[in-house]
Ligand code: HEM
């Protein structure tokens, strides 16, 4: 009996292998990277994705096919061919977007192409200006709220008088300065940054990630959905539930049933406790994106559950901006030369604007979107974070057998039903493109061009793929967050703690840290109020 069972198992395994895993390379197809009989290249990828892809590129060239179980992925490793991949008609993003909507958030978006195209306009042009203004206001409120912590009941006070009143934490003050070896006393923006002053100011302790969630994520959340007194669908609850839910994202995306993950069900149940679409639409300060998409979905007969699913997808894409802001802050705080360079850039601009003011002019100093976008140090800092922290695959489904022409003129046959992908993290860490690619260099992108095989890269940072409609909006929010943060707060990492990227999240646009780190912060004295128009 045992022999028969064993024979059956062997026959079934061979049939599975032949049907799903075995493939003979056809003439003209990209080389196949050898892997395990059953799970293909999964383990090599999991152990060290970047090394595995760099080695495969060295051994097989700029295009090759790998396999995760039965799923084949043709990797385009040549950065110059990304544009061609993006333009290729037989490579389709829709099935990928449908897979996320269905497998992770349980809904199908009707007339998805039109909706995404039109809704995407709601974070560009004049909408971008409106949304950024809203974000700046919510961020200010969030900053005031965090600075009204245990020690500083008055929040951010903009004058000298608070210095003696709130001093009830001398020990921490000393620790704060000593731990971080901060020697900067260089300009007005940070004129209280030395031991004596530190003693006379109160500060708060928190996790950096927690701090960014209470400020950046909260401001994004209110910008998206408007303000409300909802007890469940509010930033901190949603942030915590997303944090749990995201741990299972890759499994769900690949099609594993959510029933296998009780914690994901628990988190999703809370995330779905949203107000009705009618209630959300009644909010005057609702974002243009959610207003448009909700009205579109209602007009196409979609259910309340579908609309909730879409709201979560939108929060999910925005969550990347929160992760980006965490890393931006972390790198700044752990590289004081970067911190000081940005601080000087911000204070220099504020000073210049103050000097050109009429003597009776008061109120916040106003930055335009263009000014924020054109700050070279800020731009480089943000690009460097995007380079180091992205984990995303840019994937397309192959909807028919086709010949794909690489940038160098070579043509390869790609099979219907496979997927093609670019893996930006491997390009971002290519030592031929970026010198010392594993190092953080805050000014790496200041007036620099990047080359591969002697040819300049059009887009050295590919964290947003080619399709993301929110790229400019997300970058602008992340930049404004840094400018406002550095203008308003002093912040230090406690006891030289370090944060590590959690590579088990590979596939997510921006990777989260393995764990949070402790920070101390306080509101600057005499900071100049700023705003964006
Ligand atoms: C740091 C923040 C963000 C990152 C890193 C990011 C990254 C990405 C990436 C890699 C893709 C796939 C693109 C491709 O394969 O070519 C994508 C798609 C998308 N992103 Fe973003 N994104 C971010 C923020 C946002 C924001 C704020 C929005 C809000 C509008 C947004 C909306 C979308 C949408 C709607 C798609 C699907 C596009 C389509 O189906 O054509 N993203 N994003």
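The values are calculated or read from the model by the stated rules, or taken from the named source; none is laboratory data. Quick caveat: nothing in here was measured; it's all calculated off a predicted structure. Cβ placement follows ideal geometry from the backbone for every residue including glycine, while neighbour counts extend to all protein chains displayed.
Please list, ordered by residue number, the strands (runs of 3 or more DSSP E) wholly in the stretch 427-533 having 3 or more residues that are farther than 24 Å from residue 122 by Cβ. Outline the logic, then answer.
Working: elements: 489-493, 518-523, 530-532.
Per the criteria, 489-493, 518-523.
Within the stretch 518-530, is even one residue on the phi > 0 side of the Ramachandran plot and in contact (Cβ under 8 Å) with a residue 12 or more places away in the chain? Talk me through it step by step, then tell me what you get.
Going through the stretch 518-530, the residues on the phi > 0 side of the Ramachandran plot turn out to be 526.
Next cut, in contact (Cβ under 8 Å) with a residue 12 or more places away in the chain only: 526.
Yes: the stretch 518-530 contains one or more residues that are on the phi > 0 side of the Ramachandran plot and in contact (Cβ under 8 Å) with a residue 12 or more places away in the chain.
Of all the residues that make up the stretch 364-380, how many are touching a strand residue (DSSP E or B) at 6+ places or on another chain (Cβ under 6 Å) and crowded, with 19+ Cβ neighbours inside 10 Å? Full working, then the answer.
The first filter runs over the stretch 364-380 and keeps only residues touching a strand residue (DSSP E or B) at 6+ places or on another chain (Cβ under 6 Å), leaving 364-367.
Remaining after also requiring crowded, with 19+ Cβ neighbours inside 10 Å: 367.
Residues that pass the stated criteria total 1.
Go through the stretch 354-379 and report how many residues are in a helix (DSSP H, G or I) and either free of Cβ contacts under 8 Å to residues at least 12 places away in the same chain or in contact with a helix residue (DSSP H, G or I) (Cβ under 9 Å, 6 or more places away or on another chain) (or both).
Going residue by residue through the stretch 354-379, those that are in a helix (DSSP H, G or I) are 354-355, 369-373, 376-379.
Going one step further and asking which of them are either free of Cβ contacts under 8 Å to residues at least 12 places away in the same chain or in contact with a helix residue (DSSP H, G or I) (Cβ under 9 Å, 6 or more places away or on another chain) (or both), we end up with 355, 369-373, 376-379.
Counting residues in the stretch 354-379 that are in a helix (DSSP H, G or I) and either free of Cβ contacts under 8 Å to residues at least 12 places away in the same chain or in contact with a helix residue (DSSP H, G or I) (Cβ under 9 Å, 6 or more places away or on another chain) (or both) gives 10.
Mind checking whether some residue in the stretch 444-452 is exposed (fewer than 15 other Cβ atoms within 10 Å of the Cβ) and in contact with a strand residue (DSSP E or B) (Cβ under 6 Å, 6 or more places away or on another chain)?
Yes, the stretch 444-452 contains a residue that is exposed (fewer than 15 other Cβ atoms within 10 Å of the Cβ) and in contact with a strand residue (DSSP E or B) (Cβ under 6 Å, 6 or more places away or on another chain).
Please work out which one of (1) more than 16 Å from the ligand (Cβ to nearest atom); (2) surrounded by 16 or more Cβ atoms within 10 Å (Cβ to Cβ) is the condition residue 405 fails and give its number.
(2)
Considering only the stretch 276-293, how many residues are more than 24 Å from the chain's Cα centre (by Cα) and surrounded by 18 or more Cβ atoms within 10 Å (Cβ to Cβ)? If you could, list the steps in order and put the result at the bottom.
Residues of the stretch 276-293 that are more than 24 Å from the chain's Cα centre (by Cα), as a first pass: 276-285.
Keeping just the survivors that are surrounded by 18 or more Cβ atoms within 10 Å (Cβ to Cβ) gives 277, 280.
Number of matching residues: 2.
Do we find that residue 314 is assigned to a helix (DSSP H, G or I), within 16 Å of the ligand (Cβ to nearest atom) and farther than 17 Å from residue 512 by Cβ in this structure?
Working: assigned to a helix (DSSP H, G or I): yes; within 16 Å of the ligand (Cβ to nearest atom): yes; farther than 17 Å from residue 512 by Cβ: yes.
Spelling it out, residue 314 is indeed assigned to a helix (DSSP H, G or I), within 16 Å of the ligand (Cβ to nearest atom) and farther than 17 Å from residue 512 by Cβ.
For the stretch 71-95, which residues satisfy the criterion of being closer than 24 Å to residue 38 by Cα and crowded, with 16+ Cβ neighbours inside 10 Å?
Let us first name the residues in the stretch 71-95 that are closer than 24 Å to residue 38 by Cα, namely 71-76.
The answer is 72, 73, 74, 75, 76.
Scan 335, 300 and give me the residue that is at pLDDT 95 or above, away from the ligand (no atom under 13 Å from the Cβ) and farther than 24 Å from residue 388 by Cα.
On the way: 335 fails: farther than 24 Å from residue 388 by Cα.
Step by step, each of 335, 300 is checked, and only 300 is at pLDDT 95 or above, away from the ligand (no atom under 13 Å from the Cβ) and farther than 24 Å from residue 388 by Cα.
If I filter the stretch 482-491 for residues that are out of contact with any strand residue (DSSP E or B) (no Cβ under 6 Å at 6 or more places or on another chain), within 16 Å of the ligand (Cβ to nearest atom) and either without any contact (Cβ under 8 Å) to a residue 40 or more places away in the chain or at negative phi (or both), do I get at least one hit?
The answer is yes; a qualifying residue exists.
Would you check which residues across the stretch 402-429 are within 14 Å of residue 54 (Cα to Cα) and in contact with a helix residue (DSSP H, G or I) (Cβ under 7 Å, 6 or more places away or on another chain) and list them? So that I can check it myself, show each step before the final result.
Taking the stretch 402-429 and keeping what is within 14 Å of residue 54 (Cα to Cα), we get 422-429.
Within the stretch 402-429, 422, 423, 425, 426, 427, 428, 429 meet the criteria.
Is the stretch 319-329 home to any residue that is surrounded by 16 or more Cβ atoms within 10 Å (Cβ to Cβ), over 30 Å from residue 439 (Cβ atoms), touching a residue at least 60 places away in the same chain (Cβ under 8 Å) and within 15 Å of the ligand (Cβ to nearest atom)? Give the steps one after another, and end with the answer.
From the stretch 319-329, those surrounded by 16 or more Cβ atoms within 10 Å (Cβ to Cβ) are 319-329; that's our starting set.
Add one more test, that the residue is over 30 Å from residue 439 (Cβ atoms), and what stays is none.
No, because not a single residue in the stretch 319-329 is surrounded by 16 or more Cβ atoms within 10 Å (Cβ to Cβ), over 30 Å from residue 439 (Cβ atoms), touching a residue at least 60 places away in the same chain (Cβ under 8 Å) and within 15 Å of the ligand (Cβ to nearest atom).
Residue check, residue 456 against (1) over 26 Å from residue 73 (Cα atoms); (2) away from the ligand (no atom under 11 Å from the Cβ); (3) in contact (Cβ under 8 Å) with a residue 40 or more places away in the chain, all met but one. Which one?
(3) is the only condition that residue 456 fails.
So if I check each of 330, 319, 339, which one is within 17 Å of the chain's Cα centre (by Cα) and closer than 22 Å to residue 521 by Cα? Before you say what the answer is, go through the steps one by one.
Numbers: 319 fails: closer than 22 Å to residue 521 by Cα; 339 fails: within 17 Å of the chain's Cα centre (by Cα).
Only one candidate passes the filter, namely 330.
Scan 519, 433, 427, 510 and give me the residue that is away from the ligand (no atom under 16 Å from the Cβ) and surrounded by 22 or more Cβ atoms within 10 Å (Cβ to Cβ). If you could, list the steps in order and put the result at the bottom.
Working: 433 fails: surrounded by 22 or more Cβ atoms within 10 Å (Cβ to Cβ); 427 fails: away from the ligand (no atom under 16 Å from the Cβ); 510 fails: away from the ligand (no atom under 16 Å from the Cβ).
None of the other options fit; the residue is 519.
If a residue counts only when it is without any contact (Cβ under 8 Å) to a residue 24 or more places away in the chain and within 11 Å of the ligand (Cβ to nearest atom), which helices (runs of 4 or more DSSP H) contained entirely in the stretch 38-157 have at least 1 such residues? First the steps, then the outcome.
Working: elements: 42-60, 82-87, 94-99, 112-120, 125-146.
Counting at least 1 such residues, we get 94-99, 112-120.
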